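*Asks:* Here you go, one structure.
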Amino acid sequence: MTTASAPTDRRAQITAITSGKGGVGKTFVSANLAAALARQGERVLVLDADLGLANLDVVLNLFPKVTLHDVFTGKNSLEDAILPAPGGFSVLLAGSGMVEYSRLTPEVRDQLTEVIQRVRPRFDRILLDTGAGISDVVLYTVSLADEVLVVATPEPTSLTDAYATIKVLATTQGRRDLQLLVNQVGRSGEGRTIRGQLQQVVDRYVTPGLSEPVKLAFVGELPVDPNVREAVKRRQLLLECFPGSPAAQAVVAVATRLAT
């Protein structure tokens, strides 16, 4: 398990992995990116912050006896809920179908904040696998992060929703530097082109009303790769079952860029 205590003056870098639209591979990215960062020597925790519709456990083929719900209700301790995951990182899993976590109550806000504060000294990096969209729960979760990684695909609906997310984060949270990862690209270089297109729209419609420009940093693209679907069907990490695949190599490249 990768939960050994670290010196209290060290605090994990918190990265929120979010998206405007569901189904863009956000949880897949979170899990495999965590494995790639762990291979580079980082102590990584993935917190499943999609509190009501959690599926990180499905991606990793885990069957947790203790979830964040149990911690929030006082049924179990936080220590019991931090689990080792395949790939050499740790996870904090949420429960599925919990209607009480579909909106941001003061209790949910305080409990989530406390959990993150308590685990932060133990890790080098915490990845918050958020829900999709711009609900108050998602936006509050993102507000707890040092940096935000927006995952999008080349589909027009995904790009429209990614733009909406970027606009909301810029105007309500003062975010001026955001990271973009484009998943499921059909050809090399498509992700960088999409970043340029999104940046142009942001420059035209978002930045003029702000004191500083909003900048999108391109951290990488993941190609369409049949091995991804196979890994998801197997409920295994792509980096473990198909480490030489194009998408796995692309994930490693993103992790290297984030770690530098």
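*Asks:* For the structure I just gave you, tell me whether residue 184 is in contact with a Ser or Thr (Cβ under 8 Å, 6 or more places away or on another chain), open to solvent by 50 Å² or more (accessible area, probe 1.4 Å) and under 14 Å from residue 142 (Cα atoms).
*Replies:* no
*Asks:* In region 12-46, what residues are assigned to a loop (DSSP other than H, G, I, E, B) and open to solvent by less than 10 Å² (accessible area, probe 1.4 Å)?
*Replies:* 12, 24
*Asks:* While we're on this one: Do the conditions hold for residue 220, that is, is it closer than 24 Å to residue 41 by Cβ, touching a Lys or Arg at 6+ places or on another chain (Cβ under 8 Å) and either of a type in the set (Gly, Ala, Ser) or part of a helix (DSSP H, G or I) (or both)?
*Replies:* Spelling it out, residue 220 is indeed closer than 24 Å to residue 41 by Cβ, touching a Lys or Arg at 6+ places or on another chain (Cβ under 8 Å) and either of a type in the set (Gly, Ala, Ser) or part of a helix (DSSP H, G or I) (or both).
*Asks:* Exactly one condition in (1) in a helix (DSSP H, G or I); (2) at pLDDT 95 or above is false for residue 145; which is it?
*Replies:* (1)
*Asks:* Could you give every pair whose Cβ atoms fall below 8 Å, whose first residue belongs to region 14-42 and is within 13 Å of residue 132 (Cβ to Cβ), and whose second residue is among the charged types (D, E, K, R) and assigned to a helix (DSSP H, G or I), counting only separations of at least 6 or pairs across chains?
*Replies:* Cβ pairs passing all conditions: 17/26; 18/26; 19/26; 19/161; 20/161; 21/161.
This table checks each residue for (1) assigned to a strand (DSSP E or B); (2) of a type in the set (D, E, K, R); (3) open to solvent by less than 50 Å² (accessible area, probe 1.4 Å).
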residue: 108; (1), (2), (3): no, no, yes
residue: 117; (1), (2), (3): no, no, no
residue: 127; (1), (2), (3): yes, no, yes
residue: 137; (1), (2), (3): no, no, yes
residue: 151; (1), (2), (3): yes, no, yes
residue: 154; (1), (2), (3): no, no, yes
residue: 160; (1), (2), (3): no, no, no
residue: 166; (1), (2), (3): no, no, yes
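*Asks:* Can you say whether residue 232 is touching a residue at least 24 places away in the same chain (Cβ under 8 Å) and surrounded by 18 or more Cβ atoms within 10 Å (Cβ to Cβ), as far as the supplied structure shows? Show your work before the answer.
*Replies:* On the way: touching a residue at least 24 places away in the same chain (Cβ under 8 Å): yes; surrounded by 18 or more Cβ atoms within 10 Å (Cβ to Cβ): no.
So residue 232 fails the test.
*Asks:* Still on this structure: Considering only region 142-185, how many residues are over 20 Å from residue 255 (Cβ atoms), within 16 Å of the chain's Cα centre (by Cα) and of a type outside the set (S, T, N, Q)?
*Replies:* Residues meeting the conditions: 5.
*Asks:* Something else about it: Evaluate region 211-225: report whether one residue or more is farther than 21 Å from residue 88 by Cβ and at pLDDT below 95.
*Replies:* Yes: one or more hits.
*Asks:* Would you pick out the residues in region 236-260 that are at pLDDT 95 or above, open to solvent by 20 Å² or more (accessible area, probe 1.4 Å) and of a type in the set (Val, Ile, Thr)?
*Replies:* 252, 256
*Asks:* A further question follows. Take residue 176 and decide whether it is surrounded by fewer than 18 Cβ atoms within 10 Å (Cβ to Cβ), out of contact with any Lys or Arg (no Cβ under 7 Å at 6 or more places or on another chain) and at pLDDT 95 or above.
*Replies:* Details: surrounded by fewer than 18 Cβ atoms within 10 Å (Cβ to Cβ): yes; out of contact with any Lys or Arg (no Cβ under 7 Å at 6 or more places or on another chain): no; at pLDDT 95 or above: yes.
When the stated conditions are applied, residue 176 does not pass them.
The values are calculated or read from the model by the stated rules, or taken from the named source; none is laboratory data. Bear in mind that the values here come from a model prediction, so they are computed numbers and not experimental data. Virtual Cβ from ideal backbone geometry, glycine too; neighbours counted across all protein chains shown. Areas reflect the complete protein model, heavy atoms only, side chains present, ligands, DNA and RNA absent. Shrake-Rupley method; radii C 1.70, N 1.55, O 1.52, S 1.80 Å.
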